[in-house]
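Have a look at the structure below before the remarks.
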Amino acid sequence: MRRAIAIIILLFSLNFSLIAENFADYVNPLMGTQSTYEFSHGNTYPAVAVPWGLNFWSPQTGENRNGWMYAYTDTVIRGFKQTHQPSPWINDYAVFSVMPLSGELKLSHKERGVSFTHQNEEARPYCYSVKMDNGVEVSLAPTRTSSVMEVSYPSLQGQYFIIDAQHGGCKVDIDQMGRKVTGYVKNHNGGVPANFTNYYVMEFSHPIAEKGVMINDSLFAGRSVGEHDRVCGYLRFIVPEGEKLTVRMSSSFISLEQAKLNFRREVTGKSFNEVKELAKSQWNNMLGRVVVDDDNEEALKTFYSCLYRVLLFPREFYEYDEEEQPYYYSPYDGKIHEGYMYTDNGFWDTFRAVHPLFTLLYPEVSERVMQSLVNVYNESGFLPEWASPGHRGCMIGNNSLSLIADAYIKGIRGFDTQKALEAMVHQTEAQGDPLSVGRNGYEEYFTLGYVPYPDYYEATAKTLEYAYADWCLSVYARALGEVDIASDYESTSYNYENLFDKSLGFMRGKNRSGEWLFPFKPEEWGGPFTEGSSWHYTWSVMHDIEGLSRLMGGYNNMTFMLDSMFTAPPVYDYGTYGFVIHEIAEMVALDMGQYAHGNQPVQHAAYLYNYSRAPWKAQYHIRQILDKLYKPTPDGYCGDEDNGQTSAWYVFSAMGFYPVCPGRAEYVIGTPLFDKVTLNLPANKTFIIESTNNGSVSPYIKSAELNGKRYTKNYISHFDIINGGTLRFNMSDKPNIKRGINAEDAPASLTKVEN
Ligand code: CA
């Protein structure tokens, strides 16, 4: 890439606005798609979209309603789907799909699948193309709310085009003279008000020669309108040989009029190639905020494939009115509001590294997300924790507090900060519906100092996450000058101490009378923990690793515990789950002891050696994870990707640092993967991370320099990065056990670090 970088510099110096390098073509959207219910290699689908797009598109190989909409091992395509799915476990909403067919008319998704092979498909973030085995070729390119599709039919016979409005209430309305189809879909899996609707509009380049609708299972040839629980429309065309059918599609959550406005604005008069090139340049502009210079092509592909995943969610749920002002249909109160709304995000996953990456590299997105959080509070009475599109009952914690504190501490100001404070306090002392909103067990948390088990499911994990959230709230309140709130929540942020069993060295469940849960096995999953065991949750004290190390009996003991996690046999007890959940199977497959990188709670743990004065051990394990657990292939992740989080781990870690404790304006240093990484930051600042003598056998930092001065710290300040500069590492195949071992080198903790 070195030559390309020179071209970029040349273009910048000539005042070109577009980045010339094709970062987007390093992305493999199929990374992670070789997944099943039983075992996840990512549980992703090839999202064809612009960054954070309102609508995504994906080929559909699974049947309707199957969360595994595209599985790499499937052999047929059943449609091309407008999707909003953040995870197969949450499933989709507001879906419709289209499918061109040749020959016989088959409407049902169970029957219309056409076989294909991966040799005949090309997946890019900005375009998906496939030639199916029946000779029909489809290419699709996205805009923010719309898409343009080109179809080639192999013969004049039976050139059909199916519009599957799916189930749950929908309409297909064919305007044969206008070459248009309009309609709506209402399907969802929860988290929507009663009036929830996705209005769509399609326009075709060629005259509609024949039409009909299938209502539930009854076919009505010649009919123009179908409105019922399940509706499929069909059109037939006569596209002359050598021509392509062009289909332009758009939609809106606000109204049919808005769908038409989105259509006029984004796809009217635009060719497929124009839309494709525009989407590609949008990806290149966003991906190009990190320029990697290295000759390891596989790692470059992995890096940009991961960065693409980070830039998909949360989804921009807002649209633009006639005056180009943002407004949205609220999935909370069902009304129309001005401003920004984001959705399709589980903060339990994404607070860790996705949102911190936005705060660092995409602060304009972070600012809008903050406004959206306040809007959700105004419209529903709670901050979101798992939204798709409204509140969903999934996972635990008050991690919305982490997002707000992290953004504010790192300089994001463009939101109602007082309202946010009110919302944060409220989130800690009220229970919402579903239970994952607000604080489940808040009374006991504040009176007993922990959430008791079994009174509350996953109670120990909840306590640990609430304690971290309280610390986030205390930091935020202090920054706003609210010292009383700050001091109250700082004191409860020590509540993690109440569930650490010093006699065993592990976090452990405790009942209402204060007795430890018995029997105890650190390898037992579930029960008081969430999708993990005590091996994983014992480290969930992001804000006070120093305090945790003291509970463990000091740095050497903590290092020993970390070593043990990586070397203990990957035995397990599936506990209250009653069967081997996929996260357990993935941990066993990793062969990294009890370390379970395939799930989120433990993903910061390798960095903790930096607190226990053994940073070279962090460097060793992080490089192992970077090298062994990520590949730019369909089986390229070691567990659920989860809304960009497992990808964001790679993006940060490959750059050489990671936000172990969001809410604190510093990053903990790991081991840089590449020769050179340039961060293109706001205010035309750049921050460069360089490494020399690097390579797969040289994960260790021998020495480092920040802006030309010797640098021994195991962390770097957020502001040192965004003010611009150069961090240079000299790498080695041997650990430097004298570097980064003094008190001043350790990352900060709530408990003050002393010599
Ligand atoms: Ca997960």
Q) Inside segment 313-348, can you point out the residues that are within 23 Å of PRO125 (Cα to Cα), within 16 Å of the ligand (Cβ to nearest atom) and either surrounded by fewer than 24 Cβ atoms within 10 Å (Cβ to Cβ) or not charged (D, E, K, R) (or both)? A) PHE313, ASN345, GLY346
Q. Any idea which residue in segment 688-700 is surrounded by the fewest Cβ atoms within 10 Å (Cβ to Cβ), counting only those that are over 30 Å from the mean Cα position of the chain (by Cα) and β-branched (Val, Ile, Thr)?
A. VAL697
(Q) When you check ASP675 against the structure, is it on the phi > 0 side of the Ramachandran plot, out of contact with any Phe, Trp or Tyr (no Cβ under 8 Å at 6 or more places or on another chain) and away from the ligand (no atom under 16 Å from the Cβ), yes or no? (A) no
Q. Does LYS738 satisfy the condition of being in a strand (DSSP E or B), more than 33 Å from the chain's Cα centre (by Cα) and either of a type in the set (D, E, K, R) or surrounded by fewer than 14 Cβ atoms within 10 Å (Cβ to Cβ) (or both)?
A. no
Q: Could you list all residues from segment 50-92 that are among the acidic types (Asp, Glu) and closer than 19 Å to THR633 by Cα?
A: ASP74
**Q.** Single match in PRO88, PRO125, PRO100 (criterion: crowded, with 19+ Cβ neighbours inside 10 Å, touching a residue at least 40 places away in the same chain (Cβ under 8 Å), touching a helix residue (DSSP H, G or I) at 6+ places or on another chain (Cβ under 8 Å) and not acidic (Asp, Glu))
**A.** PRO125
Q.
Pull out all pairs, ordered by first then second residue, where Cβ-Cβ is under 7 Å, the residues are six or more apart or on different chains, the first lies in segment 405-432 and is free of Cβ contacts under 8 Å to residues at least 12 places away in the same chain, and the second is not in a helix (DSSP H, G or I).
A. GLN431/GLY438; GLN431/ARG439; GLN431/ASN440
(Q) Out of MET370, MET341, I need the residue that is in contact with a strand residue (DSSP E or B) (Cβ under 6 Å, 6 or more places away or on another chain) and modelled with pLDDT of 95 or more. Which one? (A) MET341
Q. For segment 626-643, which residues satisfy the criterion of being among the aliphatic types (A, V, I, L, M) and within 16 Å of the ligand (Cβ to nearest atom)?
A. LEU629
Q: Looking only at segment 446-463, decide whether some residue is over 26 Å from HIS391 (Cα atoms), in a helix (DSSP H, G or I) and not hydrophobic (A, V, I, L, M, F, W, C).
A: yes
(Q) Anything in segment 349-383 that is within 16 Å of the ligand (Cβ to nearest atom) and either surrounded by fewer than 24 Cβ atoms within 10 Å (Cβ to Cβ) or assigned to a loop (DSSP other than H, G, I, E, B) (or both)? List them, or say none. (A) PHE351, ARG352, ALA353
**Q.** Flag if ARG664 is under 30 Å from LEU750 (Cβ atoms) and without any contact (Cβ under 8 Å) to a residue 40 or more places away in the chain
**A.** no
Q.
Within segment 181-273, considering only strands (runs of 3 or more DSSP E) that don't extend past its boundaries, which have at least 3 residues that are on the phi < 0 side of the Ramachandran plot and among the hydrophobic types (A, V, I, L, M, F, W, C)?
A. 198-204, 210-215, 218-221, 231-237, 245-252
Q.
With the structure loaded, tell me whether GLY158 is in contact with a Lys or Arg (Cβ under 8 Å, 6 or more places away or on another chain), without any contact (Cβ under 8 Å) to a residue 24 or more places away in the chain, over 28 Å from GLY53 (Cβ atoms) and not polar (S, T, N, Q) or whether it fails that test.
A. no
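The values are calculated or read from the model by the stated rules, or taken from the named source; none is laboratory data. Keep in mind it's a predicted model, so treat the numbers as computed, not measured. Every residue, glycine as well, gets a Cβ built from its backbone with ideal geometry; the counts of neighbours run over all protein chains shown.
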